[in-house]
Amino acid sequence: MTNMSLVTTFILMGLPHAPELDTFLFGIFLVIYVLTVVGNFLIMLVIIVTPHLHTPMYYFLTNLSFIDMWYSTVTVPKMLMTLVSPEGSPISFSSCVAQFYSFDFLGSTECFLYTVMSYDRFLAISYPLRYASMMNGRTCAILATTTWLSGSLHSAAQTTPTFRLPFCGPNRIQHYICDAPSILKLACADTSTVEMVIFVNIGVVASGCFLLIVLSYVSIVRSILKIRTSEGRWRAFQTCASHCTVVLCFYAPLVFIYLRPGSEEVVDRIVAVFYTVLTPLLNPVVYTLRNKEVKKALLKFKDKVMYSQSK
């Protein structure tokens, strides 16, 4: 990637807040980060060591937990550094590129994964007798690999044109991460083409994935309404409720920041907290508190650990 930038270091300015709240916010976000990493890691570990959870739904949930663990790691530590540095946290040009790429890569991969998970639920509910053969191990591996490769290509398509722009003037990023809207404002060149590329890129991916998710759930609702017993319908609705919750929490702020005309830096930074900090935490909470199988597996895992320690 060639770049004639004179800027070698950017300054992340962090969240807008009163200085006296530094310690409080640092403590809150640190706790959230630890809970996010530990929670997602536990879900991955429990699914891996529990044989009856080796199903397509939990296979994709493992992928989601892995993404969220790293998604939070890419963003939150830098946010914490801005809270302990009143003048902002420095980040080298190359580190900014790496964070930009990783942030978009993990975010877009999660976007694709939500779509695959909705398709999986559609097959499970609409074709229960053929589900095992339709979503075999090979199919699951192909779908998961496709989401990761698609996320990588999507991120490269945004990172490359963004950092080919010259950066020769101000280096203060009005954000706690290296994100497209904030970075483009610092470029010493016309950014309209790059902005259009990013807008179309994110717009096509976000709207396309969301449309596929909606279509999947329209079909799912139709299938659920055909179930004769109320208990069967309730179980089917419960299966999909967790996925719907995290999808809405992920897409709403994403659309607000990237797919609306204009940009308000202060508002964008606050809204970004929802999908960079809270959604990765929400996933393990939602999928454990609303899922009896995962809760039972977690309790058994805890009992095994306590038993082995007591020996």
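Read the figures in this text as sums done on the coordinates, not as results from a lab. Since the model is a prediction, treat every value here as computed from it, not as a measurement. Because the Cβ atoms are built from the backbone with ideal geometry, glycine has one as well, and the counts that use them run over all protein chains shown.
Averaging Cα coordinates gives a centre for the range 1-52 and one for the range 127-187; these two points are 18 Å apart.
Placing +1 on the Cβ of every Lys and Arg and -1 on the Cβ of every Asp and Glu, with no other charges, gives the range 9-309 a dipole of roughly 1500 debye about its Cα centre.
FRET efficiency for the pair Val271 and His54, taken as 1/(1 + (r/R0)^6) with r the Cβ-Cβ distance and R0 = 51 Å, rounds to 0.85. Only alpha carbons enter this Debye calculation for the range 137-224, each as an equal point scatterer, and the log10 of I(q)/I(0) it gives at q = 0.10, 0.17, 0.20, 0.26 Å⁻¹ is -0.41, -0.84, -1.00, -1.27.
Could you give the length gained on full extension between Phe256 and Val214, defined as 0.36 nm per residue of separation minus the Cα-Cα distance, in nm?
13.3 nm
Legend: residue pairs Lys78/Lys292; Lys226/Lys295; Lys226/Lys296, Cα-Cα distance threshold 32 Å; pairs beyond threshold, Lys78/Lys292.
Over all distinct alpha-carbon pairs, what is the Kirkwood Rh of the range 1-137 in angstrom?
Working: mean 1/r = 0.0561 Å⁻¹.
Roughly 17.8 Å, rounded to one decimal.
Using amide H atoms built 1.01 Å from N in the peptide plane, name the residues 5+ places from Leu12, or on other chains, whose amide H lies under 5 Å from its own. For Leu12, the qualifying residues are Ser89, Ile91, Ile173.
Report the paramagnetic label zone for Thr145: residues of the range 52-84 whose backbone N is under 17 Å from a point 7 Å from Cα along the Cα-to-Cβ axis. Output list for this probe position: 60, 63.
Between Ile28 and Arg222, the distance separating the two model label sites (each 7 Å from Cα on the Cα→Cβ line) works out to 4.5 nm. 3J(HN,Hα) along the range 205-216: 5, 5, 5, x, 5, 5, 5, 5, 5, 4, 4, 4 Hz, from the Karplus curve 6.51 cos²θ - 1.76 cosθ + 1.60 with θ = phi - 60°, whole Hz, x for Gly and Pro. Exposed loop sites here mean GluC sites (Glu not before Pro) with a DSSP loop assignment and at most 15 other beta-carbon atoms within 10 Å; the chain contains its longest site-free run at 88-263.
Mean projected area of the convex hull spanned by the Cα atoms of the chain, taken over all viewing directions: 18.8 nm². Treat the range 95-177 as a sphere of radius equal to its Kirkwood radius over Cα pairs and apply Stokes-Einstein at 37 °C in a medium of 0.692 mPa s; give the translational diffusion coefficient in µm²/s, rounded to a whole number. My calculation gives 217 µm²/s for D.
From the helices alone, meaning DSSP H stretches of at least four residues, give me the mean residue ellipticity at 222 nm for the chain, per-run term -39500 (n - 2.57), in deg cm²/dmol to the nearest 500. Walk me through the intermediate numbers first.
Working: 11 runs with 228 residues, N = 311.
So the helix-based figure for the chain works out to -25500 deg cm²/dmol.
Dipole orientation for the chain: of the candidates Leu80, Ile48, Cys168, Ile48 has the Cα lying most toward the positive pole (charges on Cβ; Lys, Arg +1; Asp, Glu -1). Axis of helix 137-163 versus longest Cα principal axis of the chain: the two differ by about 10°, to the nearest ten degrees. Distance between the 7 Å Cα→Cβ label points at Phe199 and Ser92: 3.5 nm.
Qualifying trypsin sites (Lys or Arg not before Pro) in the range 58-152, where qualification requires a DSSP coil assignment and no more than 16 other C-beta atoms within 10 Å, comprise Arg130.
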